[in-house]
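Trainee: There's a structure below that I have some questions on.
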Amino acid sequence: MAVRTFIEAIRTTLAQEMRRDPSIIVLGEDVGLKGGVFLATDGLQAEFGEARVIDTPLTESMIVGVSIGAAINGLRPVAEIQFADFIFPAFNQIQSQAARMRYRTNNAVGLPMVIRTPYGGGVHGALYHSQSVEAFFTHIPGIKVVVPSTPLDARGLLRSAIRDPDPVLFLEHKKLYRSVRGEVPDTDYVTPLGSAAITRAGTQVTVIAYGLMAHHALEAAARVAEEGISVEVIDLRTLRPLDTETVLNSVRKTGKCLIAYEDNRFGGYGAEIAALVAEEVFDYLDAPVTRIAGPDVPGVPYSHVLEDWFMVNPDKIAAGIRKLAAY
Amino acid sequence: MDVSANQPGDLAAPGEPGARWLGVAASAGLTRDDLLGLYRVMALGRALDERMWILNRSGRVAFVISGQGHEGAQAGITWALRPGEDWLAPYYRSITAVLRMGLTPREILLGSYARADDPSSGGRQMPNHYGHIGRKILSVSSPVASQVLHAVGIALAAKLRGTGEVVVTSTGEGSSNQGDVHEALNFAAIHRLPFVYVVENNGYAISVPSARELPVDDVAARAAAFGIPGVIVRGTDVVGCYVAAREAVRRARAGEGPTLIEAKVERLTAHSSDDQQTRYRSEEEIAAHRALDPLPAFRGQLRAAGVLTAEAEAAMAAEIGEAVEDATRFAEAAADPTLESASSWVFAEDWPGERPPAWGDGTGRD
Ligand SMILES: Cc1ncc(C[n+]2csc(CCOP(=O)(O)OP(=O)(O)O)c2C)c(N)n1
Ligand SMILES: [Mg+2]
């Protein structure tokens with residue numbers, strides 16, 4: 001079994017899937033000769049040619065809109081949006097078109113397509129290279145939203161996403177690309193969509209996270225364990241469709257729930273989890289459902305001082321856990 | 001398409017007889033002081049840009065995105081504007097253009113260092129995201145071409161309010177493909193707005209060569225679709241850039257509507273400090289493009305015409321060197337933004353509902 005970085009898992013899985021299925025194409029800005037600005041598609045054009053690995057013009061609406069058409073006519077596009085911050089010129093195509101095609105045709109037309117995009121802060125990317133965009137998209141019925149946090153899941157979930165009959169938004173936290181390594185089997189395993197993972201078992205507090213925060217949550221849990229607080233950590237992996245049972249079962253057990261997310265707090269994805277927990281397992285709760293999330297300023301600022309202030313980190317999550325445990 | 005109408009002849013060719021060249025510049029209305037001013041702003045843009053790379057490579061500033069190779073077009077075109085009175089909606093390569101419009105080296109490096117007094121954003125934006133509303137320099141935003149519609153809106157307001165202002169914006173050729181650009185030109189042309197759209201065509205959008213970005217050689221060809229002039233200039237031909245811009249600005253002020261100016265330039269650096277251009281550009285190509293550097297080209301013309309003497313050149317170099325040193329010292333010593341300022345100015349006033357939650361946000365400051 002090979003040890004790979006997160007980005008190697010993405011890259012090698014794209015190559016394996018393209019070898020397996022000739023209908024898969026990759027398209028996006030700089031994905032060909034350069035191999036993507038993060039090198040997630042490095043080597044693909046050399047292996048599969050310019051027809052299947054397309055350097056597109058700098059036009060995101062085109063990237064997604066053309067992918068929709070190609071999916072209608074027999075291809076499986078894997079589009080890359082260079083940074084999640086730049087997905088908004090394509091928002092109209094994603095939300096009004098891709099997400100509605102199956103419903104509006106009464107199941108006559110489905111769209112097997114993936115939109116991969118790097119998201120997230122902590123890399124000194126400032127207002128427009130740091131954003132967490134998941135809440136805009138998890139709000140939309142008809143598009144699946146996937147956020148792996150480990151190389152193992154990056155491969156397993158990307159496989160599932162590519163093989164899925166519906167559009168999938170695949171969010172890759174750019175800080176994980178090279179900082180996280182892990183064992184990635186060379187078997188044809190998949191990680192099913194819609195299934196969360198319990199990454200640490202515990203009894204007193206449930207911490208729910210995804211992406212970079214799934215790592216920070218584990219680190220926070222390890223810290224407070226030394227103080228005698230037992231934390232169960234859930235890595236959601238797929239935000240929509242959500243694995244509600246794993247979430248609810250854990251909270252039934254611990255009675256306390258904290259959701260950690262990097263996005264702005266107000267109306268963020270964690271609000272949906274909080275509402276779900278409050279509605280479904282209220283009788284089991286021993287404390288308010290709480291969130292540790294990014295502050296409500298429009299974007300992650302560039303200055304180190306301000307960026308550090310913005311980012312949710314293990315310290316902040318640990319502080320939230322302590323407060324909840326003491327409640 | 002109106003590709004050659006405003007070409008004042010081949011001014012860029014080295015060895016061009018100086019007197020004839022000076023005659024063309026003079027007939028364009030450029031005095032010796034103008035020519036020296038153009039050269040100075042280009043040389044300052046270059047020197048400051050080179051300083052940013054040094055600061056980046058020595059770990060002082062985390063990012064740089066460069067204007068090297070674009071100076072001639074930017075200087076020539078903005079020379080037709082009135083700093084402080086006309087508007088510029090720049091992009092991340094616009095260092096020479098913003099210097100011409102009144103941003104100072106100190107202010108630019110405050111941005112590179114993300115200091116509290118950075119006039120563009122108080123350290124909130126990445127370096128080279130220029131802006132200074134008091135000097136009518138619109139704030140740069142990273143999503144490319146997003147400013148083009150804003151520039152058209154500024155021009156609409158200028159027309160309705162009768163201010164006499166002209167609005168210039170620029171993007172790269174890759175960014176010119178965004179739908180917003182077509183929507184902007186369409187609206188500006190319908191309403192004959194005082195607007196000039198500059199495309200700084202350096203042949204690449206990061207790694208993607210223009211043949212993969214555009215089905216035609218010239219972005220200027222698209223002007224025809226909006227019934228406006230599309231003019232091509234070369235970035236090594238500073239006087240030609242000025243002449244084209246002067247005519248575009250005249251049209252704009254006269255209510256005749258927008259112009260598209262395409263400046264053929266070279267990107268003399270990698271896309272940014274995060275890019276390694278040898279992955280997609282050969283060493284030979286990079287070396288060949290160095291020969292199209294507008295700075296030595298213009299310097300050669302000025303020398304041949306007797307406008308730039310050796311003494312004047314040395315004095316200017318010393319003055320620019322000191323300005324860059326001064327800006328570096330100033331920005332290096334300036335203060336970072338404070339934590340207290342981090343959440344200010346989301347709105348004009350504070351709203352109780354926007355404050356951090358009573359339960360706490362994990363910072364220990366609750
Ligand atoms: C909407 C959007 N998509 C993608 C990017 C990432 N990006 C930044 S610059 C750039 C290339 C721009 O090329 P061009 O317009 O030719 O300008 P140049 O950098 O060559 O001057 C890309 C793809 C972005 N900033 N905004
Ligand atoms: Mg370009």
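The values are calculated or read from the model by the stated rules, or taken from the named source; none is laboratory data. These numbers come from a predicted model, not from an experiment. Here the Cβ positions follow ideal geometry from the backbone for every residue, glycine too, while neighbour counts run over all protein chains shown. Protein only, heavy atoms only, side chains kept; ligands, DNA and RNA dropped before computing areas. Shrake-Rupley method; radii C 1.70, N 1.55, O 1.52, S 1.80 Å.
Trainee: List the helices (runs of 4 or more DSSP H) that sit entirely inside the range B:64-163 and contain at least 2 residues that are over 22 Å from residue B:322 (Cα atoms) and in contact (Cβ under 8 Å) with a residue 60 or more places away in the chain.
Mentor: The qualifying helices (runs of 4 or more DSSP H) are B:71-78, B:146-161.
Trainee: Read through the list (1) closer than 19 Å to residue A:166 by Cβ; (2) of a type in the set (D, E, K, R); (3) surrounded by fewer than 21 Cβ atoms within 10 Å (Cβ to Cβ), then give the number of the only condition that residue A:80 fails.
Mentor: (3)
Trainee: Among helices (runs of 4 or more DSSP H) lying entirely in the range A:47-138, which contain 1 or more residues that are β-branched (Val, Ile, Thr) and modelled with pLDDT of 95 or more?
Mentor: A:60-72, A:134-138
Trainee: Please determine, by comparing only the residues of the range B:166-184 that are surrounded by fewer than 24 Cβ atoms within 10 Å (Cβ to Cβ) and away from ligand 2 (no atom under 16 Å from the Cβ), which one is nearest to the other protein chains (Cβ to nearest Cβ).
Mentor: B:179
Trainee: Which one of these does residue B:253 not meet: (1) within 16 Å of ligand 1 (Cβ to nearest atom); (2) among the charged types (D, E, K, R); (3) open to solvent by 10 Å² or more (accessible area, probe 1.4 Å); (4) closer than 22 Å to residue B:88 by Cα?
Mentor: (1)
Trainee: Next question. Which residues, taken from the range B:204-249, are within 14 Å of another protein chain (Cβ to nearest Cβ) and open to solvent by 20 Å² or more (accessible area, probe 1.4 Å)?
Mentor: Listed by number, the residues that qualify are B:204, B:206, B:209, B:210, B:211, B:212, B:215, B:216, B:222.
Trainee: Next question, about the same structure. Does any residue in the range B:341-364 that is at the interface with chain A (Cβ under 7 Å from one of its Cβ atoms) come within less than 6 Å, Cβ to Cβ, of a residue that is open to solvent by 60 Å² or more (accessible area, probe 1.4 Å) six or more places away or on a different chain, and which pairs are these?
Mentor: Filtered contacts from the range B:341-364: B:360/B:366.
Trainee: Hey, residue B:267 hits all of (1) open to solvent by less than 70 Å² (accessible area, probe 1.4 Å); (2) over 21 Å from the mean Cα position of the chain (by Cα) but one; which does it fall short on?
Mentor: Of (1) open to solvent by less than 70 Å² (accessible area, probe 1.4 Å); (2) over 21 Å from the mean Cα position of the chain (by Cα), only one is false for residue B:267: (2).
Trainee: If you don't mind, there's one more thing I want to ask. Can you tell me which residue in the range A:289-310 is least open to solvent (accessible area, probe 1.4 Å), limited to those that are without any contact (Cβ under 8 Å) to a residue 40 or more places away in the chain and more than 7 Å from every other protein chain (Cβ to nearest Cβ)?
Mentor: For the range A:289-310, the residue satisfying everything is A:293.
Trainee: Just to confirm my filter: which strands (runs of 3 or more DSSP E) fall fully inside the range A:212-314 and include at least 3 residues that are charged (D, E, K, R) and within 28 Å of residue B:336 (Cβ to Cβ)?
Mentor: Answer list for the range A:212-314: none.
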